[in-house]
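The values are calculated or read from the model by the stated rules, or taken from the named source; none is laboratory data. Predicted, not measured: the structure shown is a model, and the values here were computed from it. With ideal geometry, Cβ positions are generated from the backbone for all residues, glycine too; neighbour counts draw on all protein chains shown.
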Amino acid sequence: MSAASRAVAVVPLSARSELLIVVRAAMAIAVGVWIYLASTASSIGVVGQRNLLPFQKLIADRPAEEQRTFRELQEGLLEIEAARTAARAWPPTESLAADGVPPFARDPTRRASIAWQRLQSGTTVNYLGLPGDAGPAWLLLIQEPEPGVPPDQTFEDEEHHRLSSGVMLHVSTWVHQDGRKIPSRIVRLPQAEGWMQLYAVGPASAGPALGNR
């Protein structure tokens, strides 16, 4: 007697599920690269320091709590960019928090709470984090290309991220030591308002033809 056959339905993953798998893999790779860069900062930091402006610092030289927030923002940025590609809109911080995306989701292990908000004006997007008490403020500044204007460079690096749709973004991470002084409004030129730009490696790490920037 032959064994009874059994039908098994094979259901393909939804586009959202596939996207989340890709994002998670990219996050793991990005975090691994960040850890490697941080661990080798002593050897590459000298080169990076030569190219830093007065308002720019390497994250490896900052306090541990700032390093943690910086790392989480790089992870969160990958999720933000994936959501931007899928929905053609920048996700609000409420949805990022609901999905458990760091650092937007509540974390009971943090000493101080940070209230995040998304602000947008034209092609400029801010993810602004203001402390509930004394502490630094954080800013993830994203600049989309102006319609009809080519991006300032065509290859990816720490400040230039290409969406899967082909759009090249200019991104940067900033911290302000006195978060109580930061108003809840769009920030376009952080360096003019006392913000400090943070790098994992520094401008010197840009890949091909640094002079073409």
For residues that are in a helix (DSSP H, G or I), among the charged types (D, E, K, R) and either at pLDDT below 95 or within 20 Å of residue 158 (Cβ to Cβ) (or both), tally how many sit in the range 169-193. 2
On the given criteria, is residue 165 among the polar types (S, T, N, Q), touching a Ser or Thr at 6+ places or on another chain (Cβ under 7 Å) and either farther than 24 Å from residue 55 by Cα or in a loop (DSSP other than H, G, I, E, B) (or both)? yes
In the range 87-116, the residues that are part of a helix (DSSP H, G or I) and either at pLDDT below 95 or of a type in the set (Phe, Trp, Tyr) (or both): 87
Could you list, in sequence order, the residues of the range 88-133 that are surrounded by 13 or more Cβ atoms within 10 Å (Cβ to Cβ) and of a type in the set (Ser, Thr, Tyr)? 93, 95, 113, 123, 124, 127
Residues being in contact (Cβ under 8 Å) with a residue 40 or more places away in the chain and part of a strand (DSSP E or B) - total across the range 130-149: 8
From 136, 147, 151, residue being in contact with a helix residue (DSSP H, G or I) (Cβ under 6 Å, 6 or more places away or on another chain) and either farther than 16 Å from residue 96 by Cα or aliphatic (A, V, I, L, M) (or both): 136
Just checking, which of 175, 167, 101 is among the hydrophobic types (A, V, I, L, M, F, W, C), closer than 24 Å to residue 192 by Cα and out of contact with any Cys (no Cβ under 8 Å at 6 or more places or on another chain)? 175
